[in-house]
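The values are calculated or read from the model by the stated rules, or taken from the named source; none is laboratory data. Bear in mind that the values here come from a model prediction, so they are computed numbers and not experimental data. Reconstructed Cβ throughout: ideal geometry from the backbone, glycine too, with neighbour counts over all protein chains shown. With ligands, DNA and RNA removed, areas are computed over all heavy atoms of the protein, side chains included. Shrake-Rupley method; radii C 1.70, N 1.55, O 1.52, S 1.80 Å.
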Amino acid sequence: MADKQISLPAKLINGGIAGLIGVTCVFPIDLAKTRLQNQQNGSRLYTSMSDCLIKTIRSEGYFGMYRGAAVNLTLVTPEKAIKLAANDFFRHHLSKDGKLTLIKEMLAGCGAGTCQVIVTTPMEMLKIQLQDAGRIAAQRKLMPETVAAGTVETKSQTAMQLTRELLREKGIAGLYKGLGATVLRDVPFSMIYFPLFANLNNLGKRGADGPAPFYVSFISGCLAGSTAAVAVNPIDVIKTRLQSLNRGSTEDTYSGVTDCIRKIMRNEGPSAFLKGAYCRALVIAPLFGIAQVVYFLGVGEFILSFLPKKDN
């Protein structure tokens, strides 16, 4: 299938639809992941994912689990579209000169991961502030000793308010805080995920050139996604910490990636780098399983088939 022509618009549509469906399904788990990764020793509100979700519903209501979902749903379409389409594009061109080796598959994944951070960084920057706001508010009520004396409770902000504030105070760089950590997370993730998915999916193909059944694509996406997610979780913890603007008075602040690693190791130990790993695996597995099913069903190709074709 290496010589098959690809339709970039169709791949972009597939990636966008897949992202919307996947995020809607798993967003509450992603919120729990962010809050678990952000809480430091001495300010632990949540003991597990289920404890986090239960306390979130009690204090913020059901829709509290969807804080920041609007940002994710708005930007996940271009983010997932870029990621999946870029990987397909690079694989297609790298296979023109011969067999698509593992190294070439990893290079394609590297290219896809590099391209997606253009959208991923500002999306996660805004999403993390909104997701973590509830943790700070709960900390203020349940653990007031962790909040600096005299600190005034600030009104909950919307994504647009946050964007305007960051642009006004720090310019475009404000939205791209944590860019380095995002690259360090997303490039290795894509280098692991895409080759692993392709090889797992190939095992279930019907014949040499036949497509894999949808359930094989789903299972392959889940397995590859969860494996890559756990592998890069330490970087995800660092990225989340760097992109969080609001902290309790007893929580560390960080000047960069190396400073973050040093302080986490010194104050929380190596196990802190695995915070939220279980949640992240639960988020990524169905997210990419759903994505690959939509992608391989060819929803984008179906939609584009209704458009009038240009005469040559």
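How many residues does the stretch 40-73 contain that are in a helix (DSSP H, G or I), open to solvent by 40 Å² or more (accessible area, probe 1.4 Å) and without any contact (Cβ under 8 Å) to a residue 12 or more places away in the chain?
Selection size over the stretch 40-73: 6.
Quick check on the stretch 200-214: of everything there that is part of a helix (DSSP H, G or I) and in contact (Cβ under 8 Å) with a residue 40 or more places away in the chain, which residue is least open to solvent (accessible area, probe 1.4 Å)?
The residue in question is ASN201.
Would it be correct to say that THR240 is among the β-branched types (Val, Ile, Thr), under 26 Å from THR163 (Cβ atoms), out of contact with any strand residue (DSSP E or B) (no Cβ under 6 Å at 6 or more places or on another chain) and not in a helix (DSSP H, G or I)?
No; evaluated as a whole, the condition is false for this residue.
Considering only residues that are at pLDDT 80 or above and buried (at least 18 other Cβ atoms within 10 Å of the Cβ), which ones fall in the stretch 1-15?
ALA10, ILE13, ASN14
So that you can scan it fast, the table gives a plain yes or no per residue for (1) buried (at least 19 other Cβ atoms within 10 Å of the Cβ); (2) farther than 23 Å from THR24 by Cβ; (3) at pLDDT below 90:
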position: LEU245; (1), (2), (3): no, yes, yes
position: THR253; (1), (2), (3): no, yes, yes
position: VAL257; (1), (2), (3): no, yes, no
position: CYS260; (1), (2), (3): yes, yes, no
position: LYS263; (1), (2), (3): no, yes, no
position: GLY276; (1), (2), (3): yes, no, no
position: CYS279; (1), (2), (3): yes, no, no
position: PHE288; (1), (2), (3): yes, no, yes
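Does ALA272 qualify as being among the hydrophobic types (A, V, I, L, M, F, W, C) and surrounded by fewer than 21 Cβ atoms within 10 Å (Cβ to Cβ)?
Criteria met by ALA272.
Does THR77 fit the bill of being at pLDDT below 90 and part of a helix (DSSP H, G or I)?
Yes: the conditions hold for THR77.
If you check THR77, THR56, which single one turns out to be closer than 30 Å to LYS104 by Cβ and among the hydroxyl-bearing types (Ser, Thr, Tyr)?
Among THR77, THR56, only THR77 is closer than 30 Å to LYS104 by Cβ and among the hydroxyl-bearing types (Ser, Thr, Tyr).
Need a quick list: helices (runs of 4 or more DSSP H) entirely within the stretch 82-190 having at least 2 residues that are modelled with pLDDT under 85.
102-142
Would you mind finding the one in SER217, SER226 that is buried (at least 20 other Cβ atoms within 10 Å of the Cβ), closer than 28 Å to THR74 by Cα and modelled with pLDDT under 90?
SER217
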